[in-house]
């Protein structure tokens, strides 16, 4: 977009008034080159802020189009770009010409001509611009014009000065007037009559003009009443539309909140079910741990009791040995430990055989490793010993299962 040189010159004169002069130049030039702002002219003028401060800033002065009852009118406006533009919205004023007046209690224009629009109230630098502002002003003012005209008061012309005649004394009859003086007198009377008729015509024309002005003022008053009624209907309709929009938004928001609440309630219910299941599992585990604890305590008690019995037996054996006074000779483990039942003896034999076969297999592997035995002989003896060890272990497992099924067989032991 090519900048308007008039705007560029004005910004140069203002110096560093604006933080973003390129944005100001672009927005103002776009408005001046558009169809809605081609009657505006840039300049520099003082702007009085609400706090009383005065700042010279860029102003766009001119007219904007206003369409009313099929006719197009040009409304005189001033668009000020304050120092904080575009962060701050523009400031707009409606200006008056001769025989033009501001409408009282207008919805969007104050008594000083300042424009108040929702577009200005909702101004943001990213979404709003001057072209849309002028379009909004033209649309709002076309629905409800902020100004009206009034015919100038007609003042009747001053009456002509009265002719003062000297008093006439009738004593003797006047002498007859000459013929040339008689014609002159008739002419003067005709002129006076013509002037009187012209004066009457002017007075009649003035009266007609006053009556026409009164009728025109009455028509304008009726038009203003009609405009006010139309404006009230439009405002009522707009209010109803806004109410419906707000109601729809509230209903939509309530539906969304209801759905979110429902989903959250379902999630909470599922979490509660999971917690209940986890609580049941924890209770079962606690019960199992308590049972295991009780079992371990019982077995610990049994072990302690057996330990006490063994200690008592050892003490008794030591006392008996001291009483006899003679030291018994050392005995082998086979003589000290004697099984009570044959099945116990069988378990000892099988366990000893299993251990001896494991040792034999180990030494066979060592001989193969050291080269004292060939591979074929090694495999032959390993097969034989492994078969014997398998049978011994299988027999030992059967004996162990029999003892588990009959625990009373393993309840006693002899030393």
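The values are calculated or read from the model by the stated rules, or taken from the named source; none is laboratory data. Since the model is a prediction, treat every value here as computed from it, not as a measurement. Quick reminder, even Gly has a Cβ in these numbers, built from the backbone with ideal geometry, and neighbours come from all protein chains shown.
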For this session: State whether the residues of the stretch 3-24 include one that is crowded, with 19+ Cβ neighbours inside 10 Å, more than 39 Å from the chain's Cα centre (by Cα), in a helix (DSSP H, G or I) and touching a residue at least 24 places away in the same chain (Cβ under 8 Å).
Result: yes
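Just checking, which of 231, 226, 191, 240 is farther than 30 Å from residue 105 by Cβ and either surrounded by 10 or more Cβ atoms within 10 Å (Cβ to Cβ) or modelled with pLDDT of 75 or more (or both)?
When all the criteria are applied, what remains is 191.
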Exercise. Based on what the data block shows, is residue 220 part of a helix (DSSP H, G or I) and in contact with a strand residue (DSSP E or B) (Cβ under 8 Å, 6 or more places away or on another chain)?
Worked result: yes
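Restrict the check to the stretch 327-344 and report whether at least one residue is assigned to a loop (DSSP other than H, G, I, E, B), at positive phi, exposed (fewer than 11 other Cβ atoms within 10 Å of the Cβ) and at pLDDT below 90.
Taking every residue of the stretch 327-344 in turn, none turns out to be assigned to a loop (DSSP other than H, G, I, E, B), at positive phi, exposed (fewer than 11 other Cβ atoms within 10 Å of the Cβ) and at pLDDT below 90.
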Problem set entry | Selection status of residue 38, assigned by TED's automatic domain parsing to the domain that holds residue 115 and over 38 Å from the mean Cα position of the chain (by Cα) | yes
For this session: Residue by residue through the stretch 103-127, note down the ones that are within 14 Å of residue 147 (Cβ to Cβ), assigned to a loop (DSSP other than H, G, I, E, B) and without any contact (Cβ under 8 Å) to a residue 40 or more places away in the chain.
Result: 104, 105, 108, 110, 111, 112, 113
For this session: Evaluate the stretch 90-102: report whether one residue or more is assigned to a loop (DSSP other than H, G, I, E, B), in contact (Cβ under 8 Å) with a residue 40 or more places away in the chain, over 27 Å from residue 223 (Cβ atoms) and out of contact with any helix residue (DSSP H, G or I) (no Cβ under 6 Å at 6 or more places or on another chain).
Result: yes
Exercise. In the stretch 37-54, is there at least one residue being in contact (Cβ under 8 Å) with a residue 40 or more places away in the chain, closer than 16 Å to residue 4 by Cα and surrounded by 12 or more Cβ atoms within 10 Å (Cβ to Cβ)?
Worked result: yes
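Do you know which residues across the stretch 54-84 are assigned to a loop (DSSP other than H, G, I, E, B) and over 37 Å from the mean Cα position of the chain (by Cα)?
Let us first name the residues in the stretch 54-84 that are assigned to a loop (DSSP other than H, G, I, E, B), namely 69-70, 82-84.
Matches in the stretch 54-84: 69, 70.
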Seminar exercise, completed: Note on the stretch 108-131: residues over 20 Å from residue 59 (Cα atoms) and exposed (fewer than 14 other Cβ atoms within 10 Å of the Cβ) are 111, 118, 122, 126, 127
